Every structure is written in structure tokens, then in C-alpha cells.
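The values are calculated or read from the model by the stated rules, or taken from the named source; none is laboratory data. This structure is a prediction, so every number in the text was calculated from the model and none was measured. Note that each Cβ is placed from the backbone with ideal geometry, even for glycine, and that neighbours are counted across all protein chains shown. Heads up: the accessible areas ignore ligands, DNA and RNA and are worked out on the full protein's heavy atoms, side chains in. Shrake-Rupley method; radii C 1.70, N 1.55, O 1.52, S 1.80 Å.
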Amino acid sequence: MTNVKHLFFDLDHTLWDFETNSELTFKQIFKEQSIAIDFSEFFKIYSPINMKYWRSYRDNEISKEELRYKRLRETFDDLGFEISDELINTISEDYIDYLPNYNNLLEGAIEVLEYLKSKYVLHIITNGFEEVQKQKLEKSDISHYFNVVVTSECVGVKKPNPKVFEHAMEKAMAGAEESVMIGDSFEADVLGAMHVGMKAIHLADKENDSNEFVAVKSLHELKQYL
């Protein structure tokens, strides 16, 4: 990690604790809508379905609206829970509105950002929705750490499309050889960054046997390399 000047972070599952905040959001909505369902069962079914539809959205196979509706419809169907499309649409809209109100970050996020801010210029590249991601950064009080924030919606394509990384580096006035992408998705963050000549750090709870990129199991471990 020599000659590095710019660090580009993913947001969800990398700095912002998506799983915890998503669970709290659904709990609030289900209480408001008096949805009598075993929440632990719901979330166990919902999580992998959500990831599946996010991959489809990332690969431009479905629209944002289809993602928001289908992930809920499939979850309730798998649980055998009868629910109207109208209520699913209400839940979907409330979820997007409420989600940024929960501000849990992954362990070590603030400490590591404080450590890195004096050594590098920090940025965000995220596939999340434009209207939601900016609120997440502001309400979790970390927006001030980042110079450039790029969402896939503002570019018109999603990671790992090279255009996202190229657009972000152009806005940051950063060269690929002096830039590192840090994220939890191997395909979107690591492979996408390496494809345009950036270095990459994979935040994942598994061993790494490759010498093409760095892998860490926690944000604290970034201090060993940066």
C-alpha cells in the first residue's frame, strides 16, 4: 500500500451497520402497522432474499421499484404470510424513509476514520440509493470525513462497472495508482476497483490466499496496512 493518497470506502456493510439498522427499521414498521409475525423468522428469510435482489439490481436485471417490492413479496410468500400489495408498498416506502434514522456503525468505524483522515483523502463510492445514502452519512455524523461521495445513481451505472470508479477518481482528482477501494463485496468493490487499476482491500470474515489484494476481518485491521 505504497504511494497511496486516496481511500474510497463503500458504505453499507463496510462502515454503516446495515443489518442492525435494517432490523430496527422493520421492527418499527411492523409495530406501527400491527403486523403479527415472528420477527426473527422474517429477518432470517429476508436477509438472503434482499441480497439476491440487490445483486440483480446491481446487474441491471431489475429496477429500483422492483427491488423494493419483490424482496418483500418473496419474503412474505416464503413465510406463508398473507399480505396485500398495498401494504407491501407502504412498508417499502416507510422502510426507505425510516432507515437513515438508525445510525449504528460497524465496530471501529469512527476510530479508524479519525486515524486515516490526517494521512489520506477519504471518499465514498456506494451502490445505494442517492436519497438514502446521503442521509445515512449525515445522520450517523460521518459525512465530514469524506471529500467526494459518489452513488451509482448519480453515475447511471453500478459497481463493478468501471465508469463508477473512473467518475469517482475524476471528481476526487485521484490517479488509480494512488487510490485504494475498501469494501465488503468481492465482486463490486474488489474486482471492480482492480479492473481500473486501483488497489483494493476486502472487508470480509474469511481467509485470503491471494496476493492481488488485501483482506481484513475488521476495520481495526486497516491500521496494519494504511
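Selection over segment 136-154 of residues that are surrounded by fewer than 18 Cβ atoms within 10 Å (Cβ to Cβ) and either of a type outside the set (D, E) or within 16 Å of I182 (Cα to Cα) (or both) gives a count of 5.
Does V132 satisfy being modelled with pLDDT under 95, under 27 Å from I45 (Cα atoms) and not acidic (D, E)? The answer is yes for V132. Residues of segment 36-61 that are among the aliphatic types (A, V, I, L, M) and either farther than 18 Å from I88 by Cβ or modelled with pLDDT under 95 (or both): A36, I37, M51.
What about F18, is it within 26 Å of E138 (Cα to Cα) and either modelled with pLDDT under 95 or not aromatic (F, W, Y) (or both)?
Yes: the conditions hold for F18.
The conditions are (1) more than 25 Å from M51 (Cα to Cα); (2) modelled with pLDDT under 95, and F146 fails exactly one of them. Which is it? Failing condition for F146: (2). From the list E114, E130, the lone residue that is in contact with a Cys (Cβ under 9 Å, 6 or more places away or on another chain) and closer than 20 Å to V149 by Cβ is E130. All but one of (1) over 17 Å from the mean Cα position of the chain (by Cα); (2) closer than 26 Å to G197 by Cα hold for V157; state the number of the condition that does not hold. Evaluating V157 over (1) over 17 Å from the mean Cα position of the chain (by Cα); (2) closer than 26 Å to G197 by Cα leaves (1) as the failure.
E65 meets the conditions (1) open to solvent by 60 Å² or more (accessible area, probe 1.4 Å); (2) without any contact (Cβ under 8 Å) to a residue 24 or more places away in the chain; (3) within 19 Å of the chain's Cα centre (by Cα); (4) within 25 Å of V190 (Cα to Cα) in every case but one. The failed one is (4).
The residue list S56, S40, S34, S47 contains one member that is small (G, A, S), open to solvent by 10 Å² or more (accessible area, probe 1.4 Å) and closer than 23 Å to E130 by Cβ, which is S56.
Search segment 212-226 for residues being touching a residue at least 60 places away in the same chain (Cβ under 8 Å) and crowded, with 17+ Cβ neighbours inside 10 Å, and hand back the single one that is nearest to V121 (Cα to Cα). Looking at residues that are touching a residue at least 60 places away in the same chain (Cβ under 8 Å) and crowded, with 17+ Cβ neighbours inside 10 Å, I get L226. Of the residues making up segment 185-211, those that are surrounded by fewer than 19 Cβ atoms within 10 Å (Cβ to Cβ) and of a type in the set (D, E, K, R) are E187, D205, K206, E207, D209.
Residues in segment 1-18 that are open to solvent by 70 Å² or more (accessible area, probe 1.4 Å) and touching a helix residue (DSSP H, G or I) at 6+ places or on another chain (Cβ under 7 Å) were compared, and the one that is nearest to L72 (Cα to Cα) is K5.
Checked against the criterion of being more than 25 Å from F39 (Cα to Cα), open to solvent by less than 30 Å² (accessible area, probe 1.4 Å), touching a residue at least 40 places away in the same chain (Cβ under 8 Å) and not small (G, A, S), segment 90-112 has at least one qualifying residue.
Considering only segment 164-179, I want to know if a residue exists there that is open to solvent by 10 Å² or more (accessible area, probe 1.4 Å), within 17 Å of the chain's Cα centre (by Cα) and modelled with pLDDT of 95 or more. No.
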